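Q: What follows is a single structure, and I will ask about it in a moment.
Just so it is clear, none of the values below were taken in a lab; they were calculated from the coordinates. In this text the structure is predicted, and so the values were computed from the model without any measurement. So basically every Cβ, Gly included, is an ideal-geometry build from the backbone, and we count neighbours across all protein chains shown.
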2 protein chains.
Amino acid sequence: MGKQTGWQSVHDEALRRIQQRIWAPGALIPNEEDLAAELGCARATVNRALRELADAGLLERRRKAGTRVTETPERRARFSIPLIRDEIESRGATATYALIARTIAPMPDAQRHILGLTSPEKSLHVQALHLSNGAPFVYENRWVNLAAVPALEQADLTTISANEWLLRHAPLDRGTFDYAASAADPATAGHLGCAPNTAIMTLERTTHSPTAPITWVRLSYAPGYRLHMDI
Amino acid sequence: MGKQTGWQSVHDEALRRIQQRIWAPGALIPNEEDLAAELGCARATVNRALRELADAGLLERRRKAGTRVTETPERRARFSIPLIRDEIESRGATATYALIARTIAPMPDAQRHILGLTSPEKSLHVQALHLSNGAPFVYENRWVNLAAVPALEQADLTTISANEWLLRHAPLDRGTFDYAASAADPATAGHLGCAPNTAIMTLERTTHSPTAPITWVRLSYAPGYRLHMDI
DNA sequence: CAGTGGTCTAGACCACGGG
DNA sequence: CCGTGGTCTAGACCACTGG
């Protein structure tokens, strides 16, 4: 018999019933106690399995109302944001990094407002290029709120990218990502070694520590970049 | 006292220790039994809390080796793929839909290979436009493997988009997403009402049922589209 | 081998919220 | 009210793997 007890088995069995429409979309499924009895395991085991399916968006659970199969499952991709260096190396290429400019200046209004800073804080402006096998991969244009991470001012950004320094030293908490397609402006095109107005992917990111905004950054990817996700 | 027992509290306390570097990056943290004793709860409760943190990428757990704080936490965004209609309506706009063309034809080689189909299956080619407040929002170019979802041939795609029909009727299982920036070709630009060669975001998606490939689709978003994620 | 996390269990109590 | 999921507990056994 293929009867393995274990929450994974319960998970798989429930998934099978959902996919094969044995439990129809929108329908109520048996409660945990009944399922536990049917499948020969403890209720906690069923709970664990069904909780995973609910996390994945396939089930909707409510006290007293019971558990239903989601009518139109909202697919969720889990998308991990790697270090740029890892992103390059995971494609089998060699990653290098070049600092273009590093200045201390008040943060421009645009970035300030996005980060929710009220006064023009002292900040660090970093421009850098990440290369894959020596070819430009992504151009980084970053403003960092130095009040949130004063130690960054002492960091040697010619050897470690601000990207990595922040990941390693800043207690980040939440943030936003915005991918968009845009035409490369002349300066960016120059850095990336492509023609102006080439269609490129940009990523604008903000990150916040639990207590203060940390950084705004725009990454401009070289033409041909693809953002890949599996479901 | 703020002493709430509960896995959420354990989770928050552990998170605090990570963020405040009480548990340094890369360092070993106490084992579950000790933590349970310290925090006055059962080991299973600690396990639940630490498992969540490990799922979030903040901890790395290995039997016998114990639990470590991740050195460079890989941030993970959870990205939910809405129906196009929901995506439009969630921005407060009115969604409409227009079928441009619907034909039965053998699937082209390019799509066939991507989906892993060996013979040129009978397939449905759908071109459609999704509009937001009457303005083009995204152009959809889709090939569906009719062998996997024969019922689609009878569906009235002038009233319901293939997108929605498939979500509702096809038992999808896994798939891939590829976002890229590209220059609008003349035909696409015509559909979207923008100039040719405008930089636009495209999404190429494949979906598979547990048993067979279902569909390949390219969505071409109107200029200005942003893919937004929160962390 | 032995320490650690992974999981199961049976039972219990609680919180939510539908009817 | 009271059924249902959410969680906690104490104890147990197991699986993996470092030393």
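Q: Give me a comma-separated list of calculated 3J(HN,Hα) values for region A:121-135, in order, Karplus coefficients 6.51, -1.76, 1.60 applied at θ = phi - 60°, integers in Hz, x for any Gly or Pro.
A: Result, rounded to whole Hz: 5, 4, 9, 10, 10, 10, 10, 8, 10, 9, 10, 10, 6, x, 9.
Q: Expressed in nm to one decimal, what extension gain is obtained for the pair B:T72 and B:Q20 from 0.36 nm per residue of sequence separation less their Cα-Cα distance?
A: Taking B:T72 through B:Q20 to full extension adds about 17.2 nm, to one decimal.
Q: Also: Amide H of B:I214 versus every other amide H placed in the peptide plane: which residues, excluding those fewer than 5 positions away on the same chain, fall under 5 Å?
A: Correct list: B:T207, B:H208, B:S209.
Q: Can you sort B:F137, B:F79 by how many other beta carbons sit within 10 Å, fewest first?
A: B:F79, B:F137
Q: Then there is this: State the extension gain, in nm to one decimal, for the chain segment bounded by B:T118 and B:A212, taking 0.36 nm per residue of separation less the distance between their alpha-carbons.
A: Result: 32.7 nm gained on full extension.
Q: While we're here: Taking the number of other C-beta atoms within 10 Å as the exposure measure, put A:S132, B:S161 in order starting with the fewest.
A: So the residues, fewest neighbours to most, are A:S132, B:S161.
Q: Still on this structure, I have one more. From the P(r) of region A:33-184, can you give the percent of Cα pairs sitting at distances over 28 Å?
A: So the pairs more than 28 Å apart make up 46 percent of the total in region A:33-184.
Q: Would you order A:H125, A:H191 from fewest to most other beta-carbon atoms within 10 Å of each residue's own beta-carbon?
A: A:H125, A:H191
Q: Please provide three numbers in whole Å: the alpha-carbon extents of region B:98-162 along the principal axes, with the largest listed first.
A: 42, 24, 14 Å, listed from the longest principal axis down.
Q: Let me ask something else. Tell me the angle of helix B:7-19 to the major Cα principal axis of chain B, expressed in degrees between 0 and 90 and rounded to the nearest ten.
A: For B:7-19 against chain B, the angle is about 90 degrees.
Q: Dimensions of region B:50-136 along principal axes (Cα, Å, largest first)?
A: Computed over the Cα atoms, the extents are 59, 43, 18 Å.
Q: Nothing charged except the Cβ atoms of Lys and Arg (+1) and of Asp and Glu (-1): what's the magnitude of the dipole of chain A about its Cα centre? Round to the nearest 20 debye.
A: It comes to approximately 500 debye.
Q: Taking the Cα atoms of region A:166-222, what is the range of coordinates along each of the three principal axes, in descending order and whole Å?
A: Each principal axis gives a Cα extent; for region A:166-222 these are 41, 19, 13 Å.
Q: Say a label goes 7 Å from Cα toward Cβ at B:S119 in every copy; what distances in nm does this one have to the rest, shortest first?
A: Those label-point separations list as 7.6 nm.
Q: Where the label is 7 Å out from Cα toward Cβ, how close does B:G26 come to the same position in every other copy, in nm, shortest first?
A: Those separations, rounded to one decimal, come out as 5.6 nm.
Q: Considering only A:S80, B:A189, A:L15, whose Cα is most displaced toward the positive end of the charge dipole of the protein assembly as shown, charges sitting on Cβ of Lys, Arg (+1) and Asp, Glu (-1)?
A: Farthest towards the positive pole: A:L15.
Q: Here's a follow-up. Could you tell me which residue out of B:A24, A:T94, B:A222 lies farthest along the dipole of the protein assembly as shown toward its positive end? Charges go on the beta carbon: Lys and Arg +1, Asp and Glu -1, centred on the Cα centre.
A: Of the candidates, B:A24 comes out farthest on the positive side.
Q: Oh, and also: For region A:124-231, take the alpha-carbon Rg, divide it by the Kirkwood Rh, and send me Rg/Rh.
A: Rg/Rh for region A:124-231 comes to 0.99.
Q: If the viscosity is 1.306 mPa s and the temperature 10 °C, what translational diffusion coefficient in µm²/s does Stokes-Einstein give for the protein assembly as shown when Rh comes from Kirkwood over Cα pairs?
A: The diffusion coefficient I find is 63 µm²/s.
Q: How large is Rg over Rh for region B:125-167, taking Rg from the Cα atoms and Rh as the Kirkwood inverse mean of 1/r across Cα pairs?
A: Using Cα coordinates only, the ratio equals 1.00.
Q: Got the A:R168 label distances to the other copies yet, label 7 Å along Cα→Cβ, in nm, shortest first?
A: Distances to the matching label points in the other copies: 5.4 nm.
Q: Right, here's the next one. Assigning unit charges at the beta carbon (Lys, Arg +1; Asp, Glu -1) and nothing else, what dipole magnitude in debye, to the nearest 20, does region B:140-211 show about its Cα centre?
A: 100
Q: If the only charges are +1 at each Lys and Arg Cβ and -1 at each Asp and Glu Cβ, what is the size of the charge dipole of the protein assembly as shown around the Cα centre, to the nearest 20 debye?
A: 660
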